[in-house]
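Have a look at the structure below before the remarks.
Just so it is clear, none of the values below were taken in a lab; they were calculated from the coordinates. The structure presented is a predicted model; accordingly, all values stated were derived computationally and were not measured. Note that we place each Cβ from the backbone using ideal geometry, even for glycine, and neighbour counts take in every protein chain shown.
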Amino acid sequence: MTSSASPTAAPQVGGGGEARALPGARFALIVVSLLWPAQLLSLIGMMTGTAQASVALHFHTAQIAWFVLSTALLATLITPFAVKAADLYGKRQVMIVITALGLVGDVIAALAPSYGVLLAGRTIAGFYGPIAALAYATMREVLPPKQAASASGIVGSGIALVAIGGPFLTGWLIDGYSFHGVLWGIAASTAVSLVLLLVAVPRTPFRDPTARMDWVGGLLLGGGLTALTFGVDKGSDWGWTSAGTLCFIIVGAAAVVAFLYSQRIVPHPMVRVSMLARRPVWTVVLATALAGGAVYGASVITQLLVLYPKVVVPYPVGGGRTIPVHLSDGLGWTATHFAVVGVPSSILILLVGFGTGLAVRKVDSRLPIGAGALLLVAGFLLEAAFHYSATELILASLPYAMGLGMVVAAIPVLVIEAVTPEEQALGNGIQAMAMGMITTLVTTLCYVILAQHGKVLQGTLLYLDHGYKDAYYFGACVAAAGLLAVLLIPRLKAIGDISR
């Protein structure tokens, strides 16, 4: 899809290189009103990830992976449709609609009497998933070019604020009110997003009346990704060579391939293949999807490790003797203790994230994401070796925290540098969709790897140390792949030099 302004569209706030800067108070209000919805995704990911141990133990389920995956799958599916709708009806209007739908899902999940209803609510909450892609595109539409560049860095580095405040908020909710408190907290946070969008975000005048929905492409992508994820998730239960596993994986992969082919021939594709054919675009999408997938997809490892209980039972071997049998090698911390232990990493994410957000205006943006991916590799490897006490996790997590801050702050800047202003929403949508697919796959494989050394106790799947180690090694491999992809990115026009 090629976005082009409607002849009747009102002039954009940031519509020219000579546009005057907004007053400081107005600029700050717009940035905050877009930062909260965009970074709420990270907060929700943190809150649901921390709550999953409590959810699994409460509902006695071995299918806890779908508590996270159901939301991610719908978010990945809906993102390109939301981007197309934004061109038709305006970004602000679409953000309001998807936030309202996400709020409905949040409330259903919070009221759920069973695990099935809970999953239904979390799935509907996935409608909120495209909010970050649209928020970054909105900045470029409602702010003058130089302020848009600064705002993108500020909003991207806002992950650091989530990293510091989020764990304590989550710990207070879980330890005081169980996972129900977390689910209601998510609903309240989404409601705040809706109010900010309604009250403080300016109208986005850009329209492309030629835009159309690619329903066939959406069904191919959504169905294929769901089948592929389900097949990978069930591989350890059914057997990797079983007919059921192979059927879901092959059909899912075929549907994704068919989706990519369809984008070449349909008149209004979800993904403009000609755009992806440009080296700056496809390399940025690949590198950011892999690095971001390592950050978001593998985060479940530590969350499960510290919050699942440690279960060791005596096993009689005769002669009145017993040997200890490990059923779970979790650390059994409270969520609040987890938050306290994470303070050094959170502070580091804050400092590195804001520093990166400021530095990318003066340095090659490939440097922070490359250095960040390298630090992620080091962090995963250290966590694989040292994760048996609070002190070990504090020290081992420091490189990971630095890498996270760099990667998350650099991603939106790289996308802005790789595409034209007219392609911004589409570029953000493609990057978000690609990162969503990689994150979903990485998360699924982390659960699969953990389950290889898992034990089921009273209906709940618990994990052993070998599984945690292997999952950390897998996270390092994904981050290393992201580092290699960064090396393919050509030199881009610096964000500080971009004007519209």
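Going by average Cβ density within 10 Å per residue, which order do the peptides 133-140, 301-308 take, highest to lowest?
Ranked by mean Cβ neighbours within 10 Å, highest first: 133-140, 301-308.
With angles folded into 0 to 90 degrees, how steeply does helix 131-142 sit against the dominant principal axis of the chain? Use alpha carbons for both and round to 10.
Tilt of helix 131-142: around 20 degrees.
Once the piece of chain linking Thr322 and Val199 is laid out straight, how much longer is it, given 0.36 nm per residue of separation minus the C-alpha distance between them?
37.7 nm
Would you please put 60-72, 330-342, 30-42 in order of how densely packed they are, using the mean number of other Cβ atoms within 10 angstrom per residue and starting with the highest?
Order by mean packing, descending: 30-42, 60-72, 330-342.
On a 0 to 90 degree scale, rounded to 10, what angle separates helix 343-359 from the longest Cα axis of the chain?
The helix 343-359 is inclined about 20 degrees to the chain.
Per residue, what volume in Å³ does the Cα convex hull of the chain take up?
Spread over its residues, the Cα hull of the chain gives 137 Å³ apiece.
Could you tell me the number of lysine pairs in the chain with C-alpha atoms less than 24 Å from each other, where the two lysines are 8 or more residues apart or belong to different chains?
Taking the chain as the scope, the lysine pair count is 9.
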